[in-house]
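Take a look at the structure set out below.
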Amino acid sequence: MIVGLGNIGPKYAKTRHNIGFMTVDALAEKYSTQFKQDGPHSAFVAEVHIAGEKVLLVKPTTYMNDSGRAVGPLMTYYHLDLADLLVVQDDMDIELGKLRLRQKGSAGGHNGIKSIIAHLGTDKFNRLKFGIEHPRHEQKAVVDFVLGQFGKDEQPDILAGIDKAVAIFEAFSDGTDMPTLMNKFN
């Protein structure tokens, strides 16, 4: 199960905080599948088959700060192990468009990850951190920055990052273990 974090609704569609949604949307588009609302699990879910493996793509409809309310029940419903989960999050401490895989760790101030940790009862799950940079050069509050859209000049870095994320998703879905993925893509 690959979970992209973000906020639902057109107001948030192309914002920095929704880069998780954008990455799973790109994988769904590549495999010509559509997301369907899964009301009982508070998520939009799409199913793809990669190398013969069924992969669920998930976009929680709970809004970012309560993402665990969708992720926890989906993990239980589909009888998934933590090793089968990959969560895609935005990260302000990473350069724009750069990616970093991790197998565990604290929420680092990210409320979506904090919610998932609370609902899973552990911080030991796979993450793909997508760099959105920090607003250090701008006079914006952090919330305004993450809920703002990427600039036209930032698009090449974002698109390159999304392409790399799709390659990571495919390798993860093909059964490549996280240490190998980290060595290859970090």
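What percentage of all Cα-Cα pairs in the range 68-131 are separated by more than 16 Å? Display every interim value, and only then the final one.
Values: 835 of 2016 pairs.
Summing the P(r) tail past 16 Å for the range 68-131 gives 41 percent.
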Worksheet item: In the range 60-151, carbon and sulfur make up what percent of the accessible area (probe 1.4 Å)?
Response: 46 percent
Worksheet item: Expressed as an acute angle from 0 to 90° and rounded to the nearest 10, what is the orientation of the C-alpha long axis of helix 155-173 relative to the principal long axis of the chain?
Response: 20 degrees
Response to the item:
Counting only protein heavy atoms and rolling a 1.4 Å probe, one gets per residue an accessible area for the chain in Å² of 50 Å²
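What order do you get for 111-119, 146-154 when each peptide is scored by the mean count of other beta carbon atoms within 10 Å, highest first?
Sorting 111-119, 146-154 by mean packing, highest first, produces 111-119, 146-154.
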Fill in: Cross-link table Lys114/Lys184; Lys11/Lys114; Lys164/Lys184; Lys30/Lys104, entries beyond 21 Å C-alpha to C-alpha
Lys114/Lys184; Lys11/Lys114; Lys30/Lys104
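Under 25 °C and 0.890 mPa s, how fast does the chain diffuse according to Stokes-Einstein, given a Kirkwood radius computed over C-alpha pairs? Answer in µm²/s, whole number.
Values: Rh = 16.3 Å.
Stokes-Einstein gives a translational diffusion coefficient of 151 µm²/s.
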Discussion item. Students often check this: by mean Cβ neighbours within 10 Å, which of 125-133, 157-165 ranks highest, and how do the rest follow?
Written reply: 125-133, 157-165
Discussion item. Tell me the Kirkwood radius of the range 81-186: reciprocal of the mean inverse pair distance over distinct alpha-carbon atoms, in Å.
Written reply: 14.7 Å
Item to complete: At a temperature of 4 °C and a viscosity of 1.567 mPa s, determine how fast the range 1-60 diffuses translationally according to Stokes-Einstein, using the Kirkwood radius over alpha-carbon pairs as Rh; express D in µm²/s, rounded to the nearest whole number.
Response: 111 µm²/s
Worksheet item: Taking the alpha-carbon centroid of each part, what is the distance from the range 88-156 to the range 29-43 in angstrom?
Response: 23 Å
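The values are calculated or read from the model by the stated rules, or taken from the named source; none is laboratory data. If you're wondering where the values come from, they're calculated on a predicted model, not measured in any experiment. Please note: Cβ atoms are built from the backbone with ideal geometry, for glycine as well, and neighbour counts cover all protein chains shown. Side chains are part of the model used for accessible areas, which takes the heavy atoms of the whole protein and leaves out ligands, DNA and RNA. Shrake-Rupley method; radii C 1.70, N 1.55, O 1.52, S 1.80 Å.
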